[in-house]
1. Looking at region 40-65 only, could you name the residues that are out of contact with any Gly (no Cβ under 9 Å at 6 or more places or on another chain) and either crowded, with 16+ Cβ neighbours inside 10 Å or closer than 29 Å to LYS291 by Cα (or both)?
2. Can you confirm whether region 234-245 contains a residue that is more than 16 Å from the ligand (Cβ to nearest atom) and surrounded by fewer than 21 Cβ atoms within 10 Å (Cβ to Cβ)?
3. Name the residues in region 152-166 that are part of a loop (DSSP other than H, G, I, E, B) and within 25 Å of HIS111 (Cβ to Cβ), would you?
4. Please go through region 343-365 and give me each residue that is assigned to a helix (DSSP H, G or I) and either of a type in the set (Ser, Thr, Tyr) or touching a Pro at 6+ places or on another chain (Cβ under 9 Å) (or both), ordered by number.
5. Within region 101-141, track down each residue that is outside any helix (DSSP H, G or I), more than 16 Å from the ligand (Cβ to nearest atom) and of a type in the set (Gly, Ala, Ser).
6. Going through GLY36, GLY54, GLY18 one at a time, which residue ends up being small (Gly, Ala, Ser) and closer than 23 Å to ASP278 by Cβ?
7. Look at ASP201 and say whether it is more than 11 Å from LYS225 (Cα to Cα) and within 10 Å of the ligand (Cβ to nearest atom).
Amino acid sequence: MNDQAMTFNALARPWIEGLGTYEPGRPIEEVARELGLADAGEIIKLASNENALGPSPKAMAAIRQAAKQMHQYPDGGAYALRQALSRKLGVPPDTIITGAGSNELIELIGHVFLDHTAEIVMADRAFVAYKLIAAMFGAGVIATPMVRFTHDLKAMKKAITPKTRVVFIANPNNPTGTMVGQGDLDAFMNGIADHVIVVIDEAYIELLPPRLQPDCIRYVREGRKVIILRTFSKTYGLAGLRIGYAIAPAACIRLLNKVRQPFNTSAMSQIAAVAALDDDAFVKETRDMTKAGLKFLESAFRRMDLEYVPSSANFVMVKVGNGRQIFEHMQRSGVIVRPMDPYGLPEYIRITVGTPKQNQRCLVALRAAVNAVNS
Ligand SMILES: *Cc1c(COP(=O)(O)O)cnc(C)c1O
């Protein structure tokens, strides 16, 4: 070895070392190993907003059929899935791009629109991926305060500068579960600067009954500078497959396709997504379970005198004191939730709605943790 050897750090682009890392929900197997449990089945994970019902049964059946084709590369352009989405959403196929989860699409947006001369605008308690991706491309981040844990679209519009390229709005937002309505979105879009692309991340939108879903696809039809992000990870139960999509004017989709790897989404994920899209019964069951579960958890929080943030998604943030300690205590009893200190909310945890049985167990663990930690 040469003693003048350069370190990897010295060779890396200068801002890489300073990048934050995303702290995901703890995997069940990892926690089982740590607790010395042979049976990972005793642990429940209510930490990543996954669908407690499992995957769409139609998606599973389609995958079984398709398994014999896995030696072949997928259609990177995801023709069949884009056709199915086009029919379902009433937009042309050339306004749709698919990605390995909507997280990949956020990164593609970075590749196309962000560099060290650019800025993003987001809310301070919005989905953390936006600022991580901005940092990856050396772009600045303007984070405006939320009001009652909700995006303050007026403040966000005011925060736009000549350097702003992208504004991110998560609707409903993760981790707060709050939503902005059609009127506020329309007012925000009305007269927004022409050099700004508005990304509306609708990861949880299908959980709402259609009459409560704001219509943002209309902005795309109007040719506005809007990108809508959707995913199959939450409502459709396909988080492990990694499949999501974006809807935007064709001129924008064309650019996003230039920075997409040729086979970015797998054949299995595409086939499963087409089948899941058709699984109305599963979506309904998921909506019903989520609604009932939220109601159950929220009324328990009220009885326990715990403040919570009323949620429009499949998770809820609750104020427990020392969130990190409560999280650790619950984890020791086999219930994984999410501490909120990475979001600057150290007194909160976020709980994903589970099955009725899981919700029960979660509450037992929460009560024990609150008693132990706060006494
Ligand atoms: C879960 C989530 C996503 C995306 O997840 P993917 O699995 O990458 O599709 C995107 N945005 C928000 C707000 C989320 O909560």
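The values are calculated or read from the model by the stated rules, or taken from the named source; none is laboratory data. On a predicted model such as this, the values are computed, not experimentally measured, just so you know. All Cβ positions, even for glycine, are placed from backbone atoms using ideal geometry, and neighbour counts span all protein chains on display.
1. Residues satisfying the conditions are ALA40, GLY41, PRO57, LYS58, ALA61, ALA62, ILE63.
2. Looking for residues that are more than 16 Å from the ligand (Cβ to nearest atom) and surrounded by fewer than 21 Cβ atoms within 10 Å (Cβ to Cβ), one finds none in region 234-245, hence no.
3. Answer for region 152-166, where residues must be part of a loop (DSSP other than H, G, I, E, B) and within 25 Å of HIS111 (Cβ to Cβ): ALA159, ILE160, THR161, PRO162, LYS163.
4. TYR343, the sole residue that qualifies.
5. ALA118, GLY138, ALA139, GLY140
6. The unique qualifying residue is GLY54.
7. Against the criterion (more than 11 Å from LYS225 (Cα to Cα) and within 10 Å of the ligand (Cβ to nearest atom)), ASP201 qualifies.
Residue-wise test of (1) modelled with pLDDT under 95; (2) more than 24 Å from GLN261 (Cβ to Cβ); (3) in a loop (DSSP other than H, G, I, E, B); (4) of a type in the set (A, V, I, L, M).
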{"position": "ASN2", "(1), (2), (3), (4)": "yes, yes, yes, no"}
{"position": "ARG13", "(1), (2), (3), (4)": "yes, no, yes, no"}
{"position": "GLY18", "(1), (2), (3), (4)": "yes, yes, yes, no"}
{"position": "TYR22", "(1), (2), (3), (4)": "yes, no, yes, no"}
{"position": "ASN49", "(1), (2), (3), (4)": "no, yes, yes, no"}
{"position": "PRO55", "(1), (2), (3), (4)": "no, yes, yes, no"}
{"position": "LYS68", "(1), (2), (3), (4)": "yes, yes, no, no"}
{"position": "LEU81", "(1), (2), (3), (4)": "no, no, no, yes"}
{"position": "ARG87", "(1), (2), (3), (4)": "no, yes, no, no"}
